[in-house]
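Just so you know, all these numbers are worked out from the coordinates, no wet-lab data involved. This one's a predicted model, so the numbers in the text were calculated from it and none came from an experiment. Reconstructed Cβ throughout: ideal geometry from the backbone, glycine too, with neighbour counts over all protein chains shown.
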Amino acid sequence: MSSALHATDVAVSGRLEAVSLELGPGELVAVVGPNGAGKSTLIQALAGLLPARGSVHWNGQLLSRIAVAERGRRLAWVGQEALFEFAFPVREVVAQGRYAWGDDPAGVEEALATLDLVHLADRPVTRLSGGERHRAGLARALATGAPIQLWDEPVAQLDVRHALEVMRLARQLADGGGTVLVSLHDLRAAYRFDRVLVLDQGRLVGNGRPHEVLTAPLIRRVFRVEATFVESLVPELPKD
Amino acid sequence: MRSRLAIPALLALLALAFLASLAFGELRLSFDQVLSALLGGGDDIARTVVRDFRLPRALVGLAVGAALGASGVVMQAFFRNPLASPGLLGVSSGGALGAVAVLALGPMLGVAAATMWALPLASVIGAFAATGMVLMLAQRGAGTERLLLSGVALNALLGAGTSFLLTTTAGHFEVNAQILFWLMGGLESRSWEHVWMGVPPILLACLLLLPLGRAMNLLSLGEQSAQSLGVDVRRLRWQLIVLSTVLTALATAVAGIVGFVGLVVPHVLRLLFGPDHRRLLPYSMLGGAAFLLACDLITRTFPLGLRLGVVTSLIGGPFFLWLLRRPR
């Protein structure tokens, strides 16, 4: 399998210890772990947004050898916090995703529609709610058209319906050949991913298919909660 | 407001302020007289007044206003804080201290002959030192409080240095008067020398800034996301900090400390036309130039001999307080 993202012994002092992993095209991968486990640090290191030891390759190419603009075309990152100090209209924020493409506007309107932002497109981003801002950030990442998408807790602030839509979008991107890495707190949602990475105190302690990795003993050890597997209410998007 | 109208409207305002700068003063000239004086006609007195006194003064004022407006926009994007500006952060004070040091110590050290170039150079050095300190004191994305407090501390520190130089030269009336000029800012007796010293480099720095507007938009929404979207953030930050500091320093070198222009002008224009830096940069250059010339006109028409820096502060101070009270 050719890897889209390949990390070897990636470490950030005090936050991440020698993590190695490989993500392939078409893979939808969740990263879970308690607060402070290093999820955001790992995602930022993979995106090249943080000085880190070890090496990161994108499609077999060493990250430090890839020009900054080219990186913007190949990988999109959505941070945990959507920082918007200046009152840009939502459409403009999304269009910023096209910076690395010389501001060619392809895909901006589709991204707005996909994240249910069409009715907010002309509103200043500073007037949006936390969840709406987050969707604007996701739409911007989507507009980049980058095949590798790294989303840091994209659904933490979203309502049920929008959270499900974002999950469906992640699945669609992976089905289309993209590589999608998403950090999550909801272990039940993580169960629907192709693969789950578990971080604990900066170390990668689990990496595999959800039912193999997210076992009761591991959940007890890492999250210090008891997990029981029962049937419960499962919200779904309508089938239409 | 329609941004299509912005450039024509700002250009019209600037042209009006510029022509008024040439026409108004102790000798009141009509626009016809101004035009014929500019073209080399008219009577000798009008020609001398317009071409040797008012034209250089207006050109310096135009460049200083454009420089301060632009550097305000840049600092606000850089610190991701709409309240950042060269005056409040202490960069202007750094430039002034550099200039004052040359004025005060120059005669003793015998560099008076080189003063014409020593002054802007010292101003640039002083401004860069101040910028360096701001960068250490307030990290990017620092909250308003931290940013403004470090500006307060830096302004006090640099002000103390300037006061010290002022008292050491208390016996030399002429030197003292020159220093006061820097502290209160003004365009009196600006000559063609000042035009050549200040205007071309300011224009050059403004031209270099203009293509950075798009990247500044991305930077103003977070360094990491800008980087992830393909902006070379490290390079951009260097470009912005160097250009904005040079602009502030040059403005201070030719006109002394003129506060609040970099705060008021970008703010008003942002309220009117939105935050897009591709537009806000040129608008603030034109708007800053028009604003500065208008303030200079007030100093000339007001009987009490108001200083330019005093006028801009009288307008900018209350405006700033209003901004602070406004919910963001």
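Pull out the extension gain between residue B:193 and residue B:27, defined as 0.36 nm times the separation in residues minus the alpha carbon to alpha carbon distance; nm, one decimal. Don't jump to the answer; show the numbers that get you there.
Details: separation 166, 0.36 × 166 = 59.76 nm, distance 2.31 nm.
Full-extension gain reported as 57.5 nm.
Let me confirm one metric for peptide B:272-278, namely the mean number of other chain beta-carbon atoms within 10 Å of its residues' beta-carbons.
3
Once the piece of chain linking residue A:122 and residue A:67 is laid out straight, how much longer is it, given 0.36 nm per residue of separation minus the C-alpha distance between them? Can you show the working numbers first?
Working: separation 55, 0.36 × 55 = 19.80 nm, distance 3.27 nm.
In short, 16.5 nm is gained.
To the nearest 500 deg cm²/dmol, what mean residue ellipticity at 222 nm is calculated for chain A from DSSP H runs of n ≥ 4 alone, each contributing -39,500 (n - 2.57), summed and divided by the residues?
Value at 222 nm, helices only, nearest 500: -8500 deg cm²/dmol.
Once you place label points 7 Å from the Cα toward the Cβ at residue B:3 and residue B:38, how far apart are they in nm?
It works out to 3.0 nm between the two label points.
For the residue pair residue B:207 and residue B:170, what label-to-label distance in nm results when each label sits 7 Å from Cα along the Cα-to-beta-carbon direction?
It works out to 4.9 nm between the two label points.
Select from region B:14-52 those chymotrypsin sites (Phe, Trp or Tyr not before Pro) which occupy a DSSP coil region and have at most 16 other Cβ atoms within 10 Å, ordered by residue number.
Passing both the DSSP loop test and the Cβ count: B:24.
Label 7 Å along Cα→Cβ of residue A:227; region A:33-76 residues with amide nitrogen under 11 Å?
Label zone hits: A:33.
Using Cβ contacts closer than 10 Å as the measure, can you line up B:228, A:232, A:40, B:191 from fewest to most?
On the way: B:228 30, A:232 6, A:40 19, B:191 13.
Exposure proxy ranking, most exposed first: A:232, B:191, A:40, B:228.
Cα gyration tensor of chain B, axes a ≥ b ≥ c as square roots of the eigenvalues: rounded (a/c below 1.5), prolate (a/b > b/c) or oblate?
Verdict is oblate for chain B.
Can you compute the FRET efficiency between residue A:156 and residue B:16 using 1/(1 + (r/R0)^6), with r the Cβ-Cβ distance and R0 = 56 Å? Round to the nearest 0.05.
Working from the Cβ atoms, E equals 0.55.
I want to verify a result. In a Gaussian network model of chain B, Cα cutoff 10 Å, which of these has the top mean-square fluctuation: B:146, B:234, B:279?
Result: B:234 has the largest fluctuation of those listed.
Averaged over its residues, how many other protein chain Cβ atoms are within 10 Å of peptide A:86-93's Cβ atoms?
5
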